[in-house]
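Remarks on the structure that follows.
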């Protein structure tokens with residue numbers, strides 16, 4: 001199968017997560033992604049992650065996670081020769097993605113206004129914390145800064161623990177996914193050529209539609225409700241014998257099925273549980289009634305039974321537990337690379353959340369070492385092997 005972005009060249013000038021995650025999606029969809037990195041150090045993510053030895057070797061786990069299938073070249077954009085070479089490379093590209101602070105690319109002389117003269121069809125995507133204008137344009141932004149500014153932390157946790165950070169870099173990831181979505185849309189435009197401004201703050205707020213609308217339309221200020229789903233009851237996380245189980249009996253018929261199965265039919269006739277709104281108002285008392293039975297057996301046993309009778313449920317799993325489940329293994333979500341250069345061992349990596357014609361998109365090559373593709377890419381622009389070595393010695397490449 002020809003991948004949807006086959007033949008599209010993307011220049012990835014990004015660092016750490018939001019931008020690399022965006023280009024990670026594009027690579028799995030078939031784009032030829034060239035990671036353009038600073039000589040000697042490269043993407044900061046090369047020095048990040050839970051394995052110090054890999055970080056010291058410039059192949060940190062954080063880098064490995066988002067860069068499989070890409071090529072890596074190095075170039076010094078602060079040098080005149082490097083700038084000229086880069087602009088030649090831009091002429092061959094369909095897309096450029098960067099996540100520098102607003103103004104950095106302009107100071108380097110390689111911003112969209114400069115580059116569109118070299119390539120009028122270029123789709124230029126700038127990812128930043130707060131967008132390319134506005135009162136906060138020059139504020140530094142990392143994932144947790146955006147989580148705090150967006151209100152995400154204020155509604156995460158419960159009355160005792162909120163505000164609380166989400167347990168993974170949700171703002172970076174949502175920002176990167178938003179950018180990938182916008183780029184694929186821009187590739188479908190006729191004629192091509194556009195500037196895409198992705199604000200991580202606005203990207204996160206856009207995913208908070210229910211929460212934001214409850215405030216804008218209903219005047220209800222969002223609150224931290226922990227593991228309780230305030231739109232219905234019983235709906236949330238409940239204690240079983242060996243851990244938590246999520247149950248979503250959101251419909252009246254599901255409530256009947258659940259209470260019957262637990263041997264709590266008598267609860268149905270109590271006024272405080274008779275209607276959806278009544279159950280919501282008395283959710284904590286109802287939770288205690290259910291947990292008295294649920295705590296007699298393991299979460300996974302209950303989940304199987306509830307799902308079988310039509311009540312959505314699932315045990316709360318750890319990351320290692322879900323990665324070991326056949327549901328993940330049998331759908332091709334993980335990719336495997338053997339004896340990866342710079343790593344010295346086999347690695348497994350997450351891919352994407354989509355299937356194309358029932359197959360998981362994949363890439364053929366592991367995450368690249370810094371500058372691994374210098375000769376391949378720069379020679380295609382007319383540089384000889386001697387030219388490349390000379391430019392390396394001069395600090396240009």
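The values are calculated or read from the model by the stated rules, or taken from the named source; none is laboratory data. Computed from a prediction, not measured in an experiment: that's the story for all the values here. Cβ coordinates were reconstructed from backbone atoms using ideal geometry, including for glycine residues, and neighbour counts include every protein chain displayed.
Checking each residue in the range 324-379 for being surrounded by fewer than 19 Cβ atoms within 10 Å (Cβ to Cβ), outside any loop (DSSP other than H, G, I, E, B) and within 24 Å of the chain's Cα centre (by Cα) picks out 326, 327, 328, 329, 334, 336, 348, 350, 356, 359.
In this structure, does residue 220 turn out to be at pLDDT below 95, closer than 20 Å to residue 157 by Cβ and assigned to a helix (DSSP H, G or I)?
no
Look at the range 259-275: where a residue is in contact (Cβ under 8 Å) with a residue 24 or more places away in the chain and a partner is in a loop (DSSP other than H, G, I, E, B), sitting 6+ places away or on another chain with Cβ atoms under 8 Å, you get 261/311.
Contact map, the range 1-19: residues that are at negative phi paired with residues that are assigned to a loop (DSSP other than H, G, I, E, B) and surrounded by 24 or more Cβ atoms within 10 Å (Cβ to Cβ), Cβ distance under 6 Å, separation 6+ or inter-chain. Pairs shown: 5/31; 8/31; 10/31; 14/99; 15/43; 18/99; 19/99. From the list 94, 88, 32, the one residue that fits, being surrounded by fewer than 23 Cβ atoms within 10 Å (Cβ to Cβ) and out of contact with any strand residue (DSSP E or B) (no Cβ under 6 Å at 6 or more places or on another chain), is 88. The condition of being modelled with pLDDT of 95 or more and closer than 21 Å to residue 351 by Cβ holds for only one of 38, 27, that being 27.
Taking the listed residues 169, 234, 163, 222, the one that is farther than 30 Å from residue 13 by Cα, buried (at least 20 other Cβ atoms within 10 Å of the Cβ) and touching a residue at least 40 places away in the same chain (Cβ under 8 Å) is 234, with no other qualifying.
Residues are listed down the side, and each one gets a yes or a no for (1) more than 16 Å from residue 256 (Cβ to Cβ); (2) modelled with pLDDT of 95 or more:
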position	(1), (2)
275	no, no
283	yes, yes
288	yes, yes
302	yes, yes
312	no, yes
315	yes, yes
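If the condition is being assigned to a helix (DSSP H, G or I), within 19 Å of residue 338 (Cα to Cα) and either without any contact (Cβ under 8 Å) to a residue 40 or more places away in the chain or not assigned by TED's automatic domain parsing to the domain that holds residue 381 (or both), then the range 56-98 contributes only 61. Suppose the filter is within 19 Å of the chain's Cα centre (by Cα), part of a loop (DSSP other than H, G, I, E, B), in the same structural domain as residue 66 (by TED's automatic domain parsing) and over 16 Å from residue 11 (Cα atoms); does residue 101 pass it? Answer is no for this residue. Of the residues making up the range 104-136, those that are out of contact with any helix residue (DSSP H, G or I) (no Cβ under 9 Å at 6 or more places or on another chain) and in a loop (DSSP other than H, G, I, E, B) are 120, 121, 132, 133, 134, 135. Of all residues in the range 249-290, those satisfying the criterion of being more than 41 Å from the chain's Cα centre (by Cα) and not in a helix (DSSP H, G or I) are 263, 264, 270, 274. Among the residues of the range 172-196, the one identified as out of contact with any strand residue (DSSP E or B) (no Cβ under 9 Å at 6 or more places or on another chain), in a loop (DSSP other than H, G, I, E, B) and in contact (Cβ under 8 Å) with a residue 24 or more places away in the chain is 191. Looking across the range 357-369, the residues that are over 11 Å from residue 67 (Cβ atoms) and touching a helix residue (DSSP H, G or I) at 6+ places or on another chain (Cβ under 9 Å) come down to 360, 361, 362. Taking the criterion of being in a helix (DSSP H, G or I) and either surrounded by fewer than 19 Cβ atoms within 10 Å (Cβ to Cβ) or in contact with a strand residue (DSSP E or B) (Cβ under 7 Å, 6 or more places away or on another chain) (or both), the residues of the range 35-55 that qualify are 44, 47, 52, 53, 55. Among the residues of the range 137-150, the one identified as touching a residue at least 40 places away in the same chain (Cβ under 8 Å) and assigned to a loop (DSSP other than H, G, I, E, B) is 141.
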